[in-house]
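Step one of this worksheet: look at the structure below.
The values are calculated or read from the model by the stated rules, or taken from the named source; none is laboratory data. Computed from a predicted model, the values in this text were never measured in an experiment. Here the Cβ is made from the backbone with ideal geometry for all residues, glycine too, and neighbour counts use every protein chain on show.
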Amino acid sequence: MPKAKEFTVTIEDKPGALGKCFLALAERGVNIFAFQSFVEEGESLARLIVDNPAAAAQVLGSLRMIFEETEVAMAHFPNRPGELGRAASKLGEHGINIDYSYCGMEPGSTPGLLVFGVDKTTAAANLLDELSAQEG
């Protein structure tokens, strides 16, 4: 699972707006594996990794939400101290700049799911895949 589609969604910065978006996705059976949300310039932005990107795009479109789809590099790593540091260091050693990162969990999974928004997605995905395979 080296690369994935990520949604960056612009959501009103008001009580209940994030919940409304997430519930609409759930009603269509879309499961969120990882997310990050933050407020920037009076708007709430949420980054999501979902199990069904096509359905998510339909839901977000039907809600008339502004969203963007991008590729991110992902990998599974054991949930223990130092794994995020190893992954980030490996990318840096190969000249890959990390713009942002966050983590999540897939259902039924014990390893953590690390997500990196990077400047070289394919190279990062391959490096992370190699690194996580060394753990297995």
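Here are the numbers for the structure shown:
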quantity	calculated
Candidate set from segment 57-103 (those that are charged (D, E, K, R) and over 18 Å from the mean Cα position of the chain (by Cα)); member that is surrounded by the fewest Cβ atoms within 10 Å (Cβ to Cβ)	Arg64
Check on Gly108, more than 21 Å from Ile11 (Cβ to Cβ), in a helix (DSSP H, G or I) and modelled with pLDDT under 95	no
Residues (out of contact with any strand residue (DSSP E or B) (no Cβ under 6 Å at 6 or more places or on another chain), in the same structural domain as Ala34 (by TED's automatic domain parsing) and not polar (S, T, N, Q)) located in segment 56-82	Ala57, Val59, Gly61, Leu63, Arg64
Qualifying residue in segment 98-112 (condition: more than 30 Å from Ser132 (Cα to Cα) and either of a type in the set (D, E, K, R) or out of contact with any Pro (no Cβ under 7 Å at 6 or more places or on another chain) (or both))	no
Selected residue [closer than 18 Å to Glu68 by Cβ, of a type outside the set (A, V, I, L, M, F, W, C) and exposed (fewer than 13 other Cβ atoms within 10 Å of the Cβ)] from Glu27, Glu6, Glu41	Glu41
Residue among Glu130, Glu71 that is of a type in the set (Asp, Glu) and farther than 29 Å from Val30 by Cβ	Glu130
Given (1) modelled with pLDDT of 85 or more; (2) within 16 Å of the chain's Cα centre (by Cα), index of the condition Leu113 fails	(1)
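Matching residues to (1) assigned to a helix (DSSP H, G or I); (2) touching an Asp or Glu at 6+ places or on another chain (Cβ under 9 Å); (3) in contact (Cβ under 8 Å) with a residue 60 or more places away in the chain:
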| site | (1), (2), (3) |
| --- | --- |
| Cys21 | yes, no, no |
| Phe33 | no, yes, yes |
| Val59 | yes, yes, no |
| Phe67 | no, no, yes |
| Ala87 | yes, no, no |
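Matching residues to (1) over 15 Å from the mean Cα position of the chain (by Cα); (2) modelled with pLDDT of 95 or more:
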site	(1), (2)
Ile11	yes, no
Leu18	yes, no
Ile32	no, no
Val39	yes, no
Ala55	yes, yes
